[in-house]
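Data block below; observations after.
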């Protein structure tokens with residue numbers, strides 16, 4: 001009844017609005033709060049863990065109030081009574097029912113602090129809950145002062161005095177150790193129950209960590225780990241400590257195994273395609289549908305390979321043959337790294353992730369951008385024009401053939417040198433045959449002369465066709 005009154009009182013107030021920029025964090029927090037709220041009676045410790053995570057999140061600034069979240073421009077979620085402090089206090093009060101007197105006092109005291117914090121934020125029902133908790137605490141303290149019961153203490157209650165604090169501190173390994181080695185008088189059935197609860201709580205910690213980490217990790221991979229500061233990286237990759245874990249989780253183990261590689265990419269000691277091994281080994285993490293871990297890491301790896309190969313293609317565009325071959329060898333090595341990565345993936349896995357062969361095809365296509373030598377240039381025979389019936393017509397025909405070769409894509413620097421040299425030679429011969437001066441011919445060939453200079457200058461001996469042709473070339477330097 002008190003909860004319903006609280007809900008009504010809060011909803012009659014104007015809800016506080018969470019902006020779209022904060023929606024991701026708050027959507028996750030509200031989902032977690034709803035989960036915890038549903039567990040207050042059935043599993044109060046798990047509920048407490050969820051509320052504590054919310055309260056400990058420095059990005060959550062609005063608590064103990066009704067909130068609505070802007071999901072899209074002018075579109076909001078339904079108002080929700082976001083009361084992690086009050087809910088945690090209620091869960092702690094539920095734990096009191098099964099606690100020893102000493103632990104019961106600690107739990108009630110903690111609940112009182114939660115209700116006080118909630119009441120400070122104008123949740124009026126929390127003040128009533130605080131008074132009830134204070135009354136119970138007074139009774140518990142009074143009971144402790146009574147003469148001790150002559151009846152032998154319950155061994156389960158005595159055991160819980162040691163087990164409960166360890167569970168609250170998430171010291172699962174220590175909790176398991178006292179179940180196995182320090183539980184005198186506790187039945188085998190109760191020991192089994194305590195052990196199951198310990199493992200369940202440990203599993204819950206790992207599952208909650210993965211649930212919180214995965215969307216933030218995927219977002220970071222999509223943007224680029226190198227965009228994270230060192231502190232941001234450490235906050236994101238804040239793994240559960242191994243010292244007190246009694247179970248493992250495949251995703252947690254995978255992150256831990258590849259943590260140094262992720263850190264090296266963030267600090268730019270390693271290019272993103274250095275995560276290829278991490279991408280390959282995360283394949284088992286999700287065995288149905290598209291593996292979200294893999295898609296995020298593979299996307300970063302592919303883009304890094306694409307950028308690196310493109311850089312080698314760009315580097316080769318106006319390079320001499322030796323430098324082109326060096327760039328091509330580097331690109332080939334990068335492509336081989338990609339193939340080694342993709343080759344480790346199972347055929348059935350690739351069937352679920354068709355973007356892998358698509359990405360490989362895109363990488364192969366980049367190699368078409370490397371310049372190539374053109375053998376057809378050497379087939380052009382200028383001397384044939386001198387024996388033709390109409391030399392000028394034959395030279396014009398040769399120039400047309402050369403222009404066609406020039407239009408082909410991705411010509412090597414040497415091929416362009418030969419084409420431009422031949423075209424200038426042909427144009428010079430035609431102009432000189434028709435009575436033009438060397439200066440006039442050179443003026444008409446300024447554009448070709450510029451292209452020849454950019455390609456590295458004339459190819460071969462320009463004196464071959466006489467001093468006047470040589471002079472034209474000299475004018476174009």
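The values are calculated or read from the model by the stated rules, or taken from the named source; none is laboratory data. Only a predicted model underlies this, so the values are computations on that prediction, with no experimental measurement involved. All Cβ positions, glycine included, derive from the backbone under ideal geometry; neighbour counts span all protein chains shown.
Below, the figures for the structure above:
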{"read-out": "Residue pairs meeting the criteria (Cβ under 9 Å; at least 6 apart or on separate chains; first under 22 Å from residue 127 (Cβ atoms) and not assigned by TED's automatic domain parsing to the domain that holds residue 21, in region 46-72; second outside any strand (DSSP E or B) and modelled with pLDDT of 90 or more)", "value": "none"}
{"read-out": "Pick from region 419-457, criterion assigned to a loop (DSSP other than H, G, I, E, B) and closer than 20 Å to residue 324 by Cβ, ranking: farthest from the chain's Cα centre (by Cα)", "value": "457"}
{"read-out": "Count of residues meeting criterion [surrounded by 15 or more Cβ atoms within 10 Å (Cβ to Cβ), without any contact (Cβ under 8 Å) to a residue 40 or more places away in the chain and under 19 Å from residue 47 (Cβ atoms)] in region 176-199", "value": "1"}
{"read-out": "Criterion violated by residue 26 - all others in (1) modelled with pLDDT of 90 or more; (2) surrounded by 19 or more Cβ atoms within 10 Å (Cβ to Cβ); (3) touching a helix residue (DSSP H, G or I) at 6+ places or on another chain (Cβ under 7 Å) satisfied", "value": "(3)"}
{"read-out": "Criterion: without any contact (Cβ under 8 Å) to a residue 12 or more places away in the chain and surrounded by fewer than 18 Cβ atoms within 10 Å (Cβ to Cβ) - qualifying residue of 383, 454", "value": "383"}
{"read-out": "Qualifying positions in region 343-359 - free of Cβ contacts under 8 Å to residues at least 24 places away in the same chain and either buried (at least 17 other Cβ atoms within 10 Å of the Cβ) or not in a helix (DSSP H, G or I) (or both)", "value": "343, 354"}
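Yes/no matrix, rows are residues, columns are (1) more than 22 Å from the chain's Cα centre (by Cα); (2) within 20 Å of residue 268 (Cβ to Cβ); (3) modelled with pLDDT of 95 or more:
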site: 286; (1), (2), (3): no, no, no
site: 291; (1), (2), (3): no, no, no
site: 300; (1), (2), (3): no, yes, yes
site: 305; (1), (2), (3): no, yes, yes
site: 309; (1), (2), (3): no, yes, yes
site: 318; (1), (2), (3): yes, no, no
site: 325; (1), (2), (3): yes, no, no
site: 328; (1), (2), (3): yes, no, no
site: 334; (1), (2), (3): no, yes, yes
